[in-house]
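Asker: Right, I'll just put the structure down here and ask away after.
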Amino acid sequence: MSNLAIEIVSQTASFRNPDFQNFHKTLELPPPTTIVGLAGAALGFSPLKAQEFFAENQISIGVYGAFMGKCSDTWKYSKRTKEMWLYRTELDGSIIQKELLIHNRFIIVFSGNKGNIEELKIAFFHPVYALTLGNSDSLAKILHIEQDLKEVESNEIEQTIVEGNVIDNVIRLALEKMEFSIYQTPEPISYDLPVSFSYDSDYGKRTVSGVKTFSIIGKKMKLNYTINGLLYRDIFIPTISLL
């Protein structure tokens, strides 16, 4: 097995929270499907081919991130219909608010067999398509690429994504292992997020075909169990499976 880390920055980013409709609230870290799409752009793959590449080669991923602030942007969209083109009718649309993360830094890791990791490394050095983070105009820049990170276990996590519902896991073990520290927040910590889609074609319409539970961690937590991950310099980044 081999692994790879890319350190990437952007002025803006937005990762739509699927629980919100009219207000496009953002997740604070890129979800699994966004990471797959980012790698697919670097490789020059269609969304369908990128998903197949990660699934067939059982590549695990992970992410650590930070941002300086948030803002909301007003978007106007139009619903285009067949009748509009035939009869030149006025566009039917609406206005939505989209939340953006400002001045972002993410460290994304990949773990898999050596050949696939080498292919990803070359792709991020020479991306085929522009790299973006959520929105097509949220252009991203690679700062650093590092290979062969140390595989470690840790019970301390922050600013990362972990498989499963962390709070439920801690509470379930609390009577046996009472030494832990978790923070309170009005925002949800666990989310049911897509990990795969069914596509009509390479770039066609998609529908969700696979969902997994993940915890998006902000402040530092000390768990009463350990999880596997990679060490990028002094930053622990848990790895998660897309299968």
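The values are calculated or read from the model by the stated rules, or taken from the named source; none is laboratory data. Everything numeric in this text was worked out from a predicted model, so none of it was measured. A quick note on method: Cβ atoms are made from the backbone with ideal geometry, for glycine too, and the neighbour counts reach across all protein chains shown. Surface areas here come from the heavy atoms of the whole protein model, side chains and all, with no ligands, DNA or RNA. Shrake-Rupley method; radii C 1.70, N 1.55, O 1.52, S 1.80 Å.
Asker: Provide a single number: the residues in the stretch 199-216 that are open to solvent by less than 60 Å² (accessible area, probe 1.4 Å), more than 19 Å from Phe110 (Cα to Cα) and not aromatic (Phe, Trp, Tyr).
Answerer: Taking the stretch 199-216 first, the residues open to solvent by less than 60 Å² (accessible area, probe 1.4 Å) are 199, 201, 204, 210, 212-216.
Subsequent filtering for residues that are more than 19 Å from Phe110 (Cα to Cα) retains 199, 201, 204, 210, 213.
Now narrow it down to the ones that are not aromatic (Phe, Trp, Tyr): 201, 204, 210, 213.
Of the residues in the stretch 199-216, 4 are open to solvent by less than 60 Å² (accessible area, probe 1.4 Å), more than 19 Å from Phe110 (Cα to Cα) and not aromatic (Phe, Trp, Tyr).
Asker: Next question. Considering only the stretch 110-125, how many residues are without any contact (Cβ under 8 Å) to a residue 12 or more places away in the chain and more than 14 Å from Phe45 (Cβ to Cβ)?
Answerer: Qualifying residue count, the stretch 110-125: 1.
Asker: Restricting the stretch 75-91 to residues that are surrounded by 12 or more Cβ atoms within 10 Å (Cβ to Cβ) and not in a helix (DSSP H, G or I), which is modelled with the lowest pLDDT?
Answerer: If we take residues in the stretch 75-91 being surrounded by 12 or more Cβ atoms within 10 Å (Cβ to Cβ) and not in a helix (DSSP H, G or I), then Thr81 is modelled with the lowest pLDDT.
Asker: On the given criteria, is Asp234 under 29 Å from Ser2 (Cβ atoms) and open to solvent by 40 Å² or more (accessible area, probe 1.4 Å)?
Answerer: So Asp234 passes the test.
Asker: Please go through the stretch 167-188 and pick out each residue that is among the β-branched types (Val, Ile, Thr) and either open to solvent by 30 Å² or more (accessible area, probe 1.4 Å) or at pLDDT below 95 (or both).
Answerer: In the first step, residues of the stretch 167-188 are kept if they are among the β-branched types (Val, Ile, Thr); the result is 167, 170-171, 182, 185.
Ile167, Ile171, Ile182, Thr185, listed by residue number.
Asker: Same structure again: Return a yes/no flag: does the stretch 49-57 have any residue that is open to solvent by 10 Å² or more (accessible area, probe 1.4 Å), not aliphatic (A, V, I, L, M) and not in a helix (DSSP H, G or I).
Answerer: Yes: one or more hits.
Asker: Taking the conditions exactly as written (closer than 17 Å to Ile61 by Cβ and within 21 Å of the chain's Cα centre (by Cα)), does Ile189 satisfy them or not?
Answerer: It is false that Ile189 is closer than 17 Å to Ile61 by Cβ and within 21 Å of the chain's Cα centre (by Cα).
Asker: Return yes or no: is Gly164 within 30 Å of Glu119 (Cβ to Cβ), in contact with a strand residue (DSSP E or B) (Cβ under 6 Å, 6 or more places away or on another chain), free of Cβ contacts under 8 Å to residues at least 40 places away in the same chain and surrounded by 14 or more Cβ atoms within 10 Å (Cβ to Cβ)?
Answerer: When the stated conditions are applied, Gly164 does not pass them.
Asker: Another one. Being farther than 11 Å from Leu4 by Cα and open to solvent by less than 70 Å² (accessible area, probe 1.4 Å) is the filter here; which residues of the stretch 114-128 pass it?
Answerer: Gly115, Ala123, Pro127
Asker: Go through the stretch 193-209 and give me each residue that's assigned to a strand (DSSP E or B) and touching a residue at least 24 places away in the same chain (Cβ under 8 Å).
Answerer: Leu193, Pro194, Val195, Ser196, Phe197, Tyr199, Arg206
Asker: Looking only at the stretch 134-161, which residues are farther than 22 Å from Ile240 by Cβ and open to solvent by less than 80 Å² (accessible area, probe 1.4 Å)?
Answerer: Result: Asn135, Ser138.
Condition check ((1) assigned to a loop (DSSP other than H, G, I, E, B); (2) farther than 26 Å from Lys220 by Cβ; (3) not acidic (Asp, Glu)) across all residues:
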residue: Ser10; (1), (2), (3): no, no, yes
residue: Glu28; (1), (2), (3): yes, no, no
residue: Ile35; (1), (2), (3): no, no, yes
residue: Ala39; (1), (2), (3): no, yes, yes
residue: Phe45; (1), (2), (3): yes, yes, yes
residue: Gly62; (1), (2), (3): no, no, yes
residue: Asp73; (1), (2), (3): no, yes, no
